[in-house]
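Comments concern the structure below.
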Amino acid sequence: MIVCVLAVTLFLPKQPRFRYEFEKGKTWLNKDLISPFSFAILKTDPQLTTDKTEALDNILPIYKYNSEVFESQNEAFLNEFDVKWKSNDLAETEKEGTKKQALNMLRSVYEKGIIGIVAKHQKGQKYYDFSLLKQNVSKKSSSQDVYTTESALNYFKNNFKSTNLKVKDAVIDLIESHLKPNLLFDENLTAIVQRNTLNSLSTTKGMVQKDELIVAKGMVINDEVYQKLLSFKETYEAQTKTIGDNRLVYVGQVFLVGFIITLLMVFLFLFRKDIFGDNRQLSLLLLVITSMLFALTWAIKVNLPSLYYIPFCIVPIIIRILFDTRLALNLHLLVILIAGFFVPNSFEFVFYQTTAGMVAIYSIKNLIKREQLLISASFILAAYFVSFVGIALLREGSLNQIEWERFLPFVFSVLLSLLAYPLIYGFERVFGITSDVALIELTNTNNKLLRELAFKAPGTFQHSLQVANLAEAAIFKIGGNSLLVRAGALYHDIGKMENPQYFIENQNTAVSPHDKLPYEQSAQIIIKHVHKGIEITRRHKLPENVIDFIRTHHGNTRVDYFYQSFLKNSPEKFVDENIFRYPGPIPFSKETGVLMLADSVEAASRSLKNPDAQSINDLVERIINYKLDQDQLDNCDLTLKDLETIKLIFKTMLMSIYHVRIDYQQTT
């Protein structure tokens, strides 16, 4: 308990919590709220979005003037001009004048600028404004005031003067290949300017002065008041991070978490003493609590967009399957109550998680089919959806205002809850707890150990099946774990595999191996099947609550046949009764008690030569009364009413097995 409390509180957020809960459109039910300090009113998300959009629209794309483009193209033009002139066989007398005119025009075009058009800046129009950065000086310009490669070429075609058309065509052709944009869009610089502009935007609008009324009692929280309250909350929490004493906050967390854990322990002490007295099971419960609160702490620290991504419903699913409904609901509520102190809109959070957790518990009576987990997940999702729509309508009063994307965290949470299945398997292995899924696997008669029993001791195997049917029917009627009883019944005589021929149900001849042995030795061989059964099942790593059926199915009764035979044939000898007595213990639960009765009744019924209603009735009454007289049922909580019900079921089923017409007057 101490480790759990310290581990949880050590990592939880350490700032004082804002004391008020509020929702837009609701009435303020607290006292008048007066501001204890001045604070700025935060802009709403739509206002911030609008401001950002307007700011970005006012930022012009930045283009840089690159002088190196003209230098490289001018040099290339000069290098190619002579070659071009000679290849076209033009007159040398016009060469220098033409070259000079073309270079002057090329220089003037590059000085004015050739822009590299970016389609996204046009926004559907031919021209657009931009910022031209030239020699570290920026000025606003327009794409209409500079050239494009196309308009620059047209300028040459219209303004280059030459009487010789062949000369003009050669020069224009050469110029076309040397028109490259020298006004280039600088995406990085534009992004920096945009980012700096957005960072410099004010996130506040107006002020609330110290001692000013924020909201009066009974006032409806409209948009303006809601924004003031939200701003007050953020300012308060920011200030308390630096002003508040974290040590006192930690003490408060220790008190609260310690109190919650203590409530859990009180519940276990009063209602589940079996868990309270088992350190392994207690460790599992505390580990589940600690893990879920660690997940919450992690989500808060990484600023997860929504805390509803955390699969809180995995807690009631795991606890319901491994333990029971009451403990699952109790533990889930305790986890949610702790989490409620550290989440926004805590009442809303508690409502979501409590209702979904209850649905999770109700939808899993026992996990005996794989699809049950998927069915439960769908029910949980439906519960979240109903709560989400109901709360949204209560808050907004309109279907059109519901933000459906906010439901996505719930879907993700439900998908994560499917991890319960592998976690249950891990918890079973680590903490030695047996779920219904494990019991179903154990009761499969095709598993290796039971197949070995059927091969080596077929009579014992058939006896075990009949005992399982009797015990399961009885425990189902009086209330108990029928799967556990069936598993215990199938394995209760597994120790007879070692020496099957010494047990009457496996003997195929009239000669018994006991005929050649002393009575004491025969008794020890019979008793030894309990020890062997425990040894075999532990070697095969069967759960301890199944092994309990092997230990208790004979209690501490005597092997009466060999005991009475010894007394009859050796009256003069001293007899140590413990040689003929099973080691025990006696049954200590409904399930183990019912199995003892079913085992004795089924075994005795095989000795009936002419089974009829009266003989079966007498047999069941005699066997059960004998167990009572021998104090074998003292530690199991079977009532007299339970025993009468068990008798009736045993009699009815045995008559069906032996095809006896049932006379209900005789069996009641």
On a 27 Å Cα-Cα criterion, which of the cross-link pairs K568/K647; K86/K134; K477/K532; K52/K217; K528/K627; K26/K210 come out too long? K568/K647; K86/K134; K477/K532; K52/K217
State whether the stretch 212-289 is rounded, prolate or oblate according to the following rule on the C-alpha gyration tensor (a ≥ b ≥ c being the square roots of its eigenvalues): a/c under 1.5 gives rounded; otherwise a/b larger than b/c gives prolate, and the remaining case gives oblate. prolate
I need to check one value: relative contact order of the stretch 86-160, counting alpha carbon pairs closer than 8 Å and at least 6 residues apart, in percent. 30 percent
How much accessible surface area, in Å² rounded to 10, belongs to the heavy atoms of R622 with a 1.4 Å probe? 140 Å²
How far is helix 223-243 tilted off the main Cα axis of the chain, in degrees rounded to 10, range 0 to 90? 80 degrees
Give the cross-link partners of K273 among the lysines, using a straight C-alpha distance below 19 Å as the criterion and excluding same-chain residues fewer than 8 apart. K590
Once the other residues with Cβ under 12 Å from the Cβ of H463 are scored (Lys, Arg +1; Asp, Glu -1), what is the net sum? -2
Of all accessible heavy-atom area on the stretch 184-316, the percent that carbon and sulfur account for (1.4 Å): 60 percent
Provide the per residue accessible area, probe 1.4 Å, for the stretch 421-571, rounded to a whole number of square angstrom. 48 Å²
Read-out Rg/Rh (Cα atoms, Kirkwood Rh), candidates (i) 1.30; (ii) 0.96; (iii) 1.06; calculated match is (i)
Can you pull out the trypsin sites (Lys or Arg not before Pro) in the stretch 24-55 that DSSP calls coil and that have at most 10 other Cβ atoms within 10 Å? K31
Residue-level accessible surface for K157, protein heavy atoms, 1.4 Å, Å²: 100 Å²
Ordering of 202-213, 436-447, 71-82 by packing [mean C-beta count within 10 Å, highest first]: 436-447, 71-82, 202-213
Net charge (Lys, Arg +1; Asp, Glu -1) of residues whose beta-carbon lies under 11 Å from that of H540, H540 excluded, is +2
If you roll a 1.4 Å probe over the stretch 589-634 with all protein chains in place, what percent of the accessible area is carbon or sulfur? 43 percent
Per residue, accessible area of the stretch 574-668 with a 1.4 Å probe, heavy atoms of protein chains only, in Å², comes to 52 Å²
Signed unit charges on C-beta, dipole axis of the chain, positive-most listed residue S435, N303, L132: L132
Report, to the nearest 10°, how far helix 408-417 tilts away from the longest principal axis of the Cα atoms in the chain, using its own Cα long axis and a range of 0 to 90°. 30 degrees
Order of 159-165, 252-258, 94-100 by packing, highest average Cβ count within 10 Å first? 252-258, 94-100, 159-165
Given Cβ charges of +1 for Lys and Arg and -1 for Asp and Glu, the option among L106, N74, I59 whose Cα lies farthest towards the positive end of the dipole of the stretch 49-133 is I59
Solvent-accessible area per residue, Å², over the stretch 62-221 with all protein chains present [probe radius 1.4 Å]: 61 Å²
Rounded to whole Å, give me the distance from the Cα center of the stretch 544-599 to that of the stretch 50-66. 93 Å
Could you please state how large a percent of the accessible area of the stretch 419-481 is carbon and sulfur, counting protein chains only and using a 1.4 Å probe? 58 percent
Considering Cα pairs under 8 angstrom that are at least six residues apart, work out the relative contact order of the stretch 510-660 and quote it in whole percent. 23 percent
Below 8 Å between Cα atoms, with a sequence gap of 6+, how large is the relative contact order for the chain in percent? 12 percent
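The values are calculated or read from the model by the stated rules, or taken from the named source; none is laboratory data. Note that the structure is predicted; figures quoted are calculated from it, not measured. So basically every Cβ, Gly included, is an ideal-geometry build from the backbone, and we count neighbours across all protein chains shown. Areas reflect the complete protein model, heavy atoms only, side chains present, ligands, DNA and RNA absent. Shrake-Rupley method; radii C 1.70, N 1.55, O 1.52, S 1.80 Å.
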